[in-house]
């Protein structure tokens, strides 16, 4: 029973680390997998050292803003 609780905690913490990885180049899957197989702390460190995804900016011309 204690092992089951430990496994649930491990998967839960790994899912949280995976959520942080969604906004980074490493992605959810790799963040989650590294957290499960290594440890959530090591997965968190690797995820935080991963680069953030680039944000795409939309170019709004003057003609489009006149219609608002």
Filtered residues of segment 31-45 (kept if farther than 11 Å from residue 11 by Cα, more than 11 Å from the chain's Cα centre (by Cα) and in a helix (DSSP H, G or I)): 34, 41, 42, 45
Tally up the residues in segment 20-29 that are part of a helix (DSSP H, G or I), without any contact (Cβ under 8 Å) to a residue 12 or more places away in the chain and touching a helix residue (DSSP H, G or I) at 6+ places or on another chain (Cβ under 7 Å), please. 2
Considering 37, 32, which residue is in contact (Cβ under 8 Å) with a residue 12 or more places away in the chain and on the phi < 0 side of the Ramachandran plot? 32
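Rule-based calculations on the coordinates, nothing more; no lab input. What you are looking at is a predicted structure, and each value in this text was computed from that prediction instead of being measured. Counting neighbours? That spans all protein chains shown, and the Cβs are built from the backbone with ideal geometry, glycine included.
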